[in-house]
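Inspection log for the structure reproduced underneath, given as structure tokens.
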Amino acid sequence: MQFVLFVAKSSSVSKQPIVLKFGGTSVGDVAAFERVVGIVASQLERRPVVVVSAMTKVTDALLAAFDTAKKGDFATAFSSLEPHFERHIEVSQRFISDDRPNAFNGELEFARGELSDLLMRVTRRSLPLQMLKDAIVAYGEQLSSRLLAEVLTARGVAAHQVDSRRVIVTDDEFGAAQPIIDETNELVRLELDPLIDGGEVPIMGGFIAANRAGETTTLGRGGSDYTAALVASALKAGELQIWTDVTGVMTCDPRICGEARTIPVLSYEEAAELAYFGAKVLHPKTIKPAVDSDIPVRVCNTFEPSAVGTMVVRDSPESPNKIKSIAHKKNITILRISSARMLGSYGFMSAVFQVFERFRTVIDVISTSEVSIALTLDNTAEIEKIVTELRRLGDVEVDPGYAVVCVVGEGLRASTGLASSVFSTIDDVNVSLISHGASSVNLTFVVKEEYVADVIKRLHKEFF
Ligand code: ADP
Ligand code: ASP
Ligand code: MG
């Protein structure tokens, strides 16, 4: 009886598709596309679905073109994109031989024409700018996904581009749209299941989506990871693989400290804290749909496909010194609000939070006493309005130029002496704000931005 059950279970497991997400550097040039073809082709029997970012630097270029057009210089805006169109053409010419019709070139011609039209509209302000911005920036992923589908097809893989805007449904928040999960799940299954069952490999652009009216939206910078997680969750995938330019999630940002090492296993909670506080290797929101659906996430290196990378799973064991990794986020502003007249009366905190809610601004770290609050923001777009409102409640101080450092590890809150060893390692650095204990897996503090690299190097040396 047990045997029968096991067979039934294992055969249904093997039918689960897997989702592979390739970041921008993983599709940066001809050599990168070659590596992606190898990685996809080697896993065809696992029923892969591919989610791909824009070629590296393309999203930045499209956003810069939008800004230039907004300032009124349409010609410069449009011509600034030409080198990036050329990069796509170079890849398509290397993979698609001259004796076959090159469908990608036709697609690129359409994109050129449409982008010219959209940038002109930006200059002339003939449609809402936020809407135009998403429509423009979406070409990064539209082109990369189409190109990858053509490249794979040319290499004998039955690939099929699926326009993500037909399946990922969001609200109307251009630039940072929230997916409508039920509708998205249904459309993903409807569109992808028949392709997967027919032995085809669906190729989707990450980051891009559409609202119910069909207008193009985007999920926020770094959002391709999120698309991949949404698709994995909708398909109940067996695994989500995040292919990037480093070997997994590391003990700190390898760009800051050359001694950074790959962490073999992380819990979802650890990964979420790290991602939120700056480890950009995983997008913060990626974690959620994967946790909810119990899908293991593997972070792998496109440049070293055989290296094991990091596995993110629901629970992971504590490491001997408790600390798994140190993340950081720069460009942080501290706001301090104090109000002596609120002493002994309730409602102060709530009044402060309402201001941030009204201006849709996220608070990262917070520390409070009865009548004063210090908090950090990384998005200061609305700061002037926020400060004006807060001044009704008390005195407000705005202090830019900080960085958040977040030390993460399962069991951190419960371990004695850890905070003291962290702070004694950097006892000559002024710590402006500390938050510890809210989550069981992190200790977060704020220092001046110019000290952050040194702080991380010293902590890394001490704990790893
Ligand atoms: P992709 O384009 O593949 O989405 P990202 O640039 O978003 O890649 O993320 C990968 C980068 O994240 C790495 O190149 C690395 O510099 C940075 N990074 C920051 N913190 C970490 C960390 N703890 N582990 C690994 N990479 C990190
Ligand atoms: N291309 C988008 C960006 O650069 C999304 C992503 O790469 O995840 O933010
Ligand atoms: Mg990323």
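Read the figures in this text as sums done on the coordinates, not as results from a lab. Note that the structure is a prediction, hence the values are computed from the model and not measured. Heads up, the Cβs are rebuilt from the backbone with ideal geometry, glycines too, and the neighbour counts pull from every protein chain shown.
Label the stretch 299-380 by shape, choosing from rounded, prolate and oblate, from the square roots a ≥ b ≥ c of the eigenvalues of the Cα gyration tensor; if a/c is under 1.5 it is rounded, and otherwise prolate applies when a/b is larger than b/c, oblate when it is not. It comes out prolate by the Cα gyration axes.
Bridgeable aspartates and glutamates around LYS236 (alpha carbons under 14 Å apart, same-chain partners fewer than 8 residues away excluded): ASP182, GLU186, ASP193, ASP292, ASP294.
Convex hull volume of the C-alpha atoms in the stretch 333-416, normalised per residue: 125 Å³. In this structure, the amide hydrogen of SER325, modeled 1.01 Å from its nitrogen in the peptide plane, lies closer than 5 angstrom to those of VAL408, counting only residues at least 5 positions away or on a different chain.
Over 20 Å between Cα atoms: which of LYS21/LYS329; LYS324/LYS461; LYS21/LYS324; LYS330/LYS457 fall into that group?
LYS21/LYS329; LYS21/LYS324
Taking every pair of alpha-carbon atoms in the chain, give the share separated by more than 43 Å as a whole percent. That tail contains 19 percent of the Cα-Cα pairs. Of all DSSP-defined beta bridges confined to the chain, some 60% are antiparallel rather than parallel. Cα centroids of the stretch 76-150 and the stretch 429-457: 42 Å apart. For the stretch 10-98, a/c is not less than 1.5, where a ≥ b ≥ c are the root eigenvalues of the C-alpha gyration tensor, and a/b tops b/c. That puts it in the prolate class.
Give LYS133/LYS285; LYS57/LYS285; LYS15/LYS280; LYS57/LYS280 a once-over and call out the pairs whose C-alpha atoms are over 25 Å from each other. The answer is LYS15/LYS280. Our summary of shape: the Cα atoms of the stretch 323-464 have principal axis extents of 47, 30, 26 Å, ordered from largest down, in whole angstrom. Relative to the longest principal axis of the Cα atoms of the chain, the long axis of helix 348-358 makes an angle of roughly 20 degrees. Divide the volume of the convex hull around the Cα atoms of the stretch 396-460 by the residue count and you get 89 Å³ per residue.
Each Cα pair of the stretch 109-239 feeds into the Kirkwood radius, which the Stokes-Einstein equation turns, at 4 °C and 1.567 mPa s, into a diffusion coefficient of 85 µm²/s. Where in the stretch 51-88 is the amide nitrogen less than 15 Å from a point lying 7 Å along the Cα-to-Cβ axis of ARG112? Output list for this probe position: 78-88. The alpha-carbon atoms of the stretch 229-378, seen along their principal axes, cover 62, 38, 28 angstrom, with the largest extent given first.
Summarising the amide proton neighbourhood of THR170: residues at separation of 5 or more, or on other chains, whose placed amide H is nearer than 5 Å comprise ILE180, ALA210, ASN211, ARG212.
Just want the ordering: ASP245, ASP294, from fewest to most Cβ atoms lying within 10 Å of their own Cβ.
Numbers: ASP245 17, ASP294 11.
Lowest to highest Cβ neighbour count: ASP294, ASP245.
Reported to the nearest whole Å, the Cα centre-to-centre distance from the stretch 218-294 to the stretch 46-67 is 17. An oblate overall shape is assigned to the stretch 55-181, the ratio a/c of its alpha-carbon gyration tensor axes (a ≥ b ≥ c) being 1.5 or greater and a/b not exceeding b/c. Couplings for the stretch 144-150, taken from phi via the Karplus curve 6.51 cos²θ - 1.76 cosθ + 1.60 with θ = phi - 60°, read 5, 6, 5, 5, 5, 4, 5 Hz in order; Gly and Pro are left as x.
Every helix of 4 or more DSSP H residues in the chain counts as -39500 (n - 2.57), and over all residues that averages to -12500 deg cm²/dmol at 222 nm. The alpha-carbon atoms of the stretch 272-321 define a convex hull whose volume equals 110 cubic angstrom per residue.
Once backbone amide H atoms are built at 1.01 Å from N, MET55 has SER144 as its partners under 5 Å, excluding neighbours fewer than 5 places away on the same chain.
Applying the Karplus relation 6.51 cos²θ - 1.76 cosθ + 1.60 with θ = phi - 60° to the stretch 213-228 yields 3J(HN,Hα) values of 7, x, 7, 5, 10, 10, 8, x, 4, x, x, 5, 4, 5, 3, 4 Hz, where x marks Gly and Pro.
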